[in-house]
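First the structure, in the form of structure tokens, and then the observations on it.
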Amino acid sequence: MIKGFPNSLIDLIRCNRDGGELAIERLAADEDYIIQGSLKCRKCGADFKIQDGILDMLGEEIKGDKLSLYEMQMRDKIASDAVYNAAETFSELDKMEVPSTLQRLGNTAKKTILELGCGTGRFTRKLTGNCDAILAVDFSKESLVINARLMPANQTVGLVRADVSKLRLKPDSFDLALSTLYSNLPSAEIRLASTKAVYDALKPMGRYVLSAHHYEIRERLKGIKPAGEYDNGIFYQSFTKQSLRQELEDCFSKINFSTICIWLPYISRFEAARLFISKMSERIPLLNKLGALLLATAIKN
């Protein structure tokens, strides 16, 4: 369980209205962590609450975007309905996704990390312990509550409820950034705003690892559209390497791509070998174009 929002991370966050610095306004905290309190923008005076150690930068701002509002409500429901405990359990897709994604992120020792779409913490908890600090962002309050509860104590992790398309952070402050929500952002305009927020926040030569649904050849041959909805109604957008590059190049000029979560007909049905097959296929030409997820690794010049 987190002890609160770390005082040391307040300087990394800016007011999402005018980019002003934030200052502690009211608090009930110990020396290093804020449990209950609020932060105030030094420019416009906007007030942002901290409740149970989670900083809320969102309020009601997202209510104008129907797709985003629906997803937020659904993510809250999924998190509140599920049973979570300290014994981490991963789905088969998670087992293929998480190790390969973290490998692309590289060495996290002594790094300050920005995580977008942290959810209930499947990546957040993997990143703690080795890095210096993590700022983990999501718009689902219930997911952040679960993340806070399952987080190991005494970690420098700041949990923030925010709209990633309106996120404002201290420029040139993060060594690494990770996003697993890109495919669920409902428009190119919103995705660009999120990418720009990451670019501005990264230090020069900072690394950004982004995962997105891969619009791979089998889906195209079947005539499946690149945009659609999951069974629960949440929006998703799939990308080819070319279409994802086109969006990211508005901010990043140096981008590498790979695919992960590779499912091969027939042989991937064997559960005992599924993870091994996916990992090995990442290195094999042609097979490595069949991954369900596309990973972009971008460097800030």
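Ignoring ligands, DNA and RNA, please state the percent of accessible area on the chain from carbon and sulfur, probe 1.4 Å. Write out the running numbers ahead of the final one.
Numbers: 7560 of 14460 Å².
Of the solvent-accessible surface of the chain, carbon and sulfur hold 52 percent.
Accessible area of SER253 (1.4 Å probe, protein heavy atoms only, ligands and nucleic acids ignored): about 80 Å². For the options GLY129, GLY119, GLY53, a Gaussian network treatment of the chain with springs between C-alpha atoms closer than 10 Å singles out GLY129 as fluctuating the most.
Anyone know which of SER100, SER38, SER243 comes out most mobile in the 10 Å Cα GNM of the chain? Sorting by GNM fluctuation, first place goes to SER243.
Distance from the C-alpha centroid of region 91-141 to that of region 178-247: 17 Å, rounded to the whole angstrom.
Taking a straight line from the alpha carbon of LYS77, these lysines sit under 18 Å away, with near neighbours fewer than eight places off in the same chain left out: LYS63, LYS66, LYS141.
Accessible area of LYS77 (1.4 Å probe, protein heavy atoms only, ligands and nucleic acids ignored): about 110 Å². Note on GLN246 and ILE78: the model spin-label points, each 7 Å out from Cα along the C-beta direction, lie 2.8 nm apart. Largest mean-square fluctuation among PRO285, PRO152, PRO171, in a Gaussian network model of the chain whose springs join Cα atoms under 10 Å apart, belongs to PRO285.
Relative to a virtual label point 7 Å from the Cα of MET205 in the Cα→beta-carbon direction, which members of region 240-260 show backbone nitrogen distances below 18 Å? Under cut-off, by backbone N: 253-256. Of all lysines in the structure, the ones whose alpha carbon falls short of 28 Å from that of LYS279, not counting any fewer than 8 places away in one chain, are LYS95, LYS110, LYS111, LYS126, LYS222, LYS225, LYS241, LYS254, LYS289, LYS300.
Report the extension gain between PHE270 and ILE284 in nm, rounded to one decimal, defined as 0.36 nm multiplied by the number of residues separating them, less their alpha carbon distance.
Details: separation 14, 0.36 × 14 = 5.04 nm, distance 1.96 nm.
Going from the current span to full extension adds 3.1 nm.
The values are calculated or read from the model by the stated rules, or taken from the named source; none is laboratory data. Only a predicted model underlies this, so the values are computations on that prediction, with no experimental measurement involved. For neighbour counting, all protein chains shown are included, and Cβ atoms are generated from backbone atoms with ideal geometry for every residue, glycine included. Accessible surface areas use protein heavy atoms only, side chains included; no ligands, DNA or RNA. Shrake-Rupley method; radii C 1.70, N 1.55, O 1.52, S 1.80 Å.
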